[in-house]
Amino acid sequence: MGRAYQNRKDSMAKTSNMKAKVYSKFSKEIYVCAKNSGADPSANLALSHLIEKAKQNQVPAHVIDKALEKASGAGGEDFITVRFEGFGPGGCMMIVDCLTDNNNRTFGEVRGVFNKIKAKLGTPGTTAHMFDHRAVFEFKYDDEDAVLEALMEADIDVSDVESEGEIVRVLTPPTEYFKARTALMEAFPDVTFETDEITFIPQTYTLLQGEDLETFDKFLDLLNDLDDVQEIYHNVEVED
């Protein structure tokens with residue numbers, strides 16, 4: 001029996017270089033969100049939540065403020081979201097999301113990493129169809145039926161509600177993210193989300209071990225070292 005392999009984003013801030021990477025990641029996301037939908041967090045729910053997540057990841061206030069100030073001014077960079085899909089060690093499936101102001105540079109850097117570990121970079125749609133794009137909320141609660149009822153009363157399009165031990169897990173389409181989050185917070189005022197994100201959930205998993213797992217670790221490190229890489233999704237599983 002295996003378990004899903006967790007991307008190491010929880011431990012990315014162990015070195016100064018990784019801290020800089022985390023700061024850059026949130027700075028870009030905050031800038032783009034504020035530039036596209038307004039720099040006032042009270043009027044931009046996506047921005048408000050992004051700032052909250054940045055603070056949880058110990059991003060300094062001056063980094064957040066600078067990104068907001070930059071977004072409020074005229075001109076600035078034009079960042080676009082770029083997605084790369086392909087197959088990694090052992091045939092595992094990969095989705096790599098980037099935020100870039102130079103698509104050619106980013107494509108070259110990501111392709112270089114894939115080539116370096118002899119992975120296969122595919123075309124759009126190569127692997128994404130094997131993942132479910134979902135908003136995910138996980139929190140401690142002992143009554144999944146009450147959670148489902150609260151979501152249904154708020155007219156949320158719920159994909160699934162399940163529980164494991166003391167944790168309830170709610171899945172909704174990405175478009176329902178803010179509506180579902182608001183409904184949960186109103187129904188359960190003391191809720192503390194242990195997971196609160198929009199992500200890709202693999203429909204099947206690939207078990208890696210030995211040399212393949214070592215190469216996969218290297219693959220993640222190389223991708224995480226790229227400034228433009230924002231999120232990495234995969235279907236890797238390891239043995240317990």
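Rounded, prolate or oblate: which fits the range 22-73, taking a ≥ b ≥ c as square roots of the Cα gyration tensor eigenvalues, rounded meaning a/c under 1.5, else prolate when a/b beats b/c? Oblate, since a/c reaches 1.5 and b/c is not below a/b. Spacing of the modelled spin labels on D190 and K66, each 7 Å from Cα toward Cβ, amounts to 4.1 nm.
Using only Cα atoms, locate the centre of the range 49-96 and the centre of the range 192-240, then give the distance between them in Å, rounded to an integer. For the range 49-96 versus the range 192-240, the Cα centre distance is 17 Å.
Given contacts defined as C-alpha pairs under 8 Å and at least six residues apart, what's the relative contact order of the range 28-98, whole-number percent? Before the final figure, lay out the partial values.
Numbers: 61 pairs, mean separation 18.9, N = 71.
Relative CO of the range 28-98 lands at 27 percent.
Among the listed pairs K35/K66; K53/K120; K28/K70; K19/K66; K21/K118; K19/K140, those with a Cα-Cα distance over 22 Å are K53/K120; K21/K118; K19/K140.
Multiplying the residue separation of S163 and A128 by 0.36 nm and subtracting their alpha-carbon distance yields 10.0 nm.
Give me the one-decimal Kirkwood hydrodynamic radius in Å for the range 145-240, with the sum taken over alpha-carbon pairs.
Values: mean 1/r = 0.0621 Å⁻¹.
Value: 16.1 Å, from the Cα pair sum.
Think of each Lys and Arg Cβ as +1 and each Asp and Glu Cβ as -1; about the Cα centre, that makes the dipole of the range 124-240 roughly 440 debye.
Evaluate the charge dipole of the chain about its Cα centre and quote only its size in Debye, nearest 20, assuming +1 on the Cβ of each Lys and Arg and -1 on the Cβ of each Asp and Glu. Taking the Cα centre of the chain as origin, the dipole is about 1500 debye. Each of A180, V113, V161 was scored by the projection of its Cα onto the charge dipole of the range 106-240, and the greatest displacement toward the positive side belongs to V113; charges sit on the C-beta of Lys, Arg, Asp and Glu. The apolar share of the surface of the range 90-225, taken as the fraction of accessible area on carbon and sulfur atoms (1.4 Å probe, ligands and nucleic acids excluded), comes to 45 percent.
Approximating the spin labels as points 7 Å out from Cα along Cα→Cβ, the E153-to-K53 distance works out to 2.9 nm. Just one of [x] 29, 26, 16; [y] 26, 23, 16; [z] 24, 22, 17 is semi-axes √(5λ) of the Cα gyration tensor in Å calculated from these coordinates, so which is it? The value matching this structure is [x]. Compute the Cα gyration tensor for the range 74-203, then decide on rounded, prolate or oblate, letting a ≥ b ≥ c be the square roots of its eigenvalues: rounded whenever a/c is under 1.5, prolate when a/b is larger than b/c in the other cases, and oblate in all that remain. Here the range 74-203 falls in the prolate category. Loop-located trypsin sites (Lys or Arg not before Pro) in the range 122-227 (DSSP state not H, G, I, E or B) with no more than 15 neighbouring Cβ atoms inside 10 Å do not occur.
The values are calculated or read from the model by the stated rules, or taken from the named source; none is laboratory data. Worth saying up front: this structure is predicted, and the values here are computed from it rather than measured. All Cβ positions, glycine included, derive from the backbone under ideal geometry; neighbour counts span all protein chains shown. The accessibility values were calculated without ligands, DNA or RNA, using every heavy atom of the protein model including side chains. Shrake-Rupley method; radii C 1.70, N 1.55, O 1.52, S 1.80 Å.
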